[in-house]
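Novice: Please see the structure below; I have some questions.
The values are calculated or read from the model by the stated rules, or taken from the named source; none is laboratory data. Note that the structure is predicted; figures quoted are calculated from it, not measured. As a convention, Cβ positions derive from the backbone with ideal geometry for all residues, glycine included, and neighbour counts pool all protein chains shown.
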Amino acid sequence: MKLNRSRGMVLLAAMLLLAVTNGARMTAGQQEKAGWRIAGEFAEACTCAAACPCWFGSKPTRMKCGGGEALFIEKGHYGKVALDGLAVASIGQSPAGQSMMDSFGNWEFAHIYVDERATPEQRKALEAIMRTIRGPASKNMEVRYVPLTHTVKDGIHTVHLGNHGSFSGKLHEGGLGGHSTIINPAGADPLRKEYHQGHTMSLKYTDAGQNWDLSDTNFMHHKFEITSEDYEKFAAGLAQKMQPMKK
């Protein structure tokens, strides 16, 4: 198991480096590198029990871990393309008996949901950013253009991915007050270096041949500010860390 996990982490590092390189291009035919910066709120939910074990390299609490994140950008840009007020999301699923990390590159699917309000140029930018964050997690990656919404009422966050799914969640109160917060989990990337932990009230998803209808599963929320440089450094650092495992 340790050997398989090590190989999985080496593959993860290599594929993240590839994702960062590809994500820095608007299209395959446009080779000019575009730096980006986005800030806003992210909400994440999955089918595992809280807190999601995948971020700690453990097996999913169900046979598969399915779920993903939605990023609601308050202010941001991709090169000279403004992204203020737009959103992008992704939902994926690991194979049975494998964590998201161990099975990276071999997920059953990893679909991207781009804000339908975006212009064609903004759509390409949002997709490129999500491909950098997600990486080439699966050979089955499709892009949808849908209305993406995030509302908060009575402390309950609700996210809709058009007609393909939705999830709502409430944050846990920490034992010493404030929100329960996880900092620097084992699988942390720049987006999830810190997040508030909660549980879902509802998790529904009907795309990619799925029919999820769950509750009381993992939910995460936090404010974020990330850049293309953050992911370049993250991918390079992960690759260096995993270098001894190749031997």
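Residues checked against (1) acidic (Asp, Glu); (2) over 22 Å from Thr47 (Cα atoms); (3) touching a helix residue (DSSP H, G or I) at 6+ places or on another chain (Cβ under 8 Å):
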residue: Ser90; (1), (2), (3): no, no, yes
residue: Asp102; (1), (2), (3): yes, no, yes
residue: Ile112; (1), (2), (3): no, no, yes
residue: Glu116; (1), (2), (3): yes, yes, no
residue: Thr119; (1), (2), (3): no, yes, no
residue: Ala128; (1), (2), (3): no, yes, yes
residue: His157; (1), (2), (3): no, no, no
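Novice: How many residues are in a loop (DSSP other than H, G, I, E, B) and more than 20 Å from Gln93 (Cβ to Cβ) if we restrict to region 109-150?
Specialist: So the answer is 5.
Novice: Listed residues His179, His172, His222, His199; which is free of Cβ contacts under 8 Å to residues at least 24 places away in the same chain and either among the polar types (S, T, N, Q) or closer than 21 Å to Ala49 by Cα (or both)?
Specialist: His179
Novice: Here are some conditions: (1) crowded, with 18+ Cβ neighbours inside 10 Å; (2) over 13 Å from the mean Cα position of the chain (by Cα); (3) at positive phi. Gly155 meets all but one. Which one does it not meet?
Specialist: All conditions pass for Gly155, except number (1).
Novice: Considering each residue of region 55-82, count those that are closer than 16 Å to Phe42 by Cβ and under 18 Å from the mean Cα position of the chain (by Cα), and give that number.
Specialist: 10
Novice: Report yes if some residue within region 74-93 is modelled with pLDDT under 95, touching a Gly at 6+ places or on another chain (Cβ under 9 Å), surrounded by 15 or more Cβ atoms within 10 Å (Cβ to Cβ) and among the acidic types (Asp, Glu); otherwise report no.
Specialist: Looking for residues that are modelled with pLDDT under 95, touching a Gly at 6+ places or on another chain (Cβ under 9 Å), surrounded by 15 or more Cβ atoms within 10 Å (Cβ to Cβ) and among the acidic types (Asp, Glu), one finds none in region 74-93, hence no.
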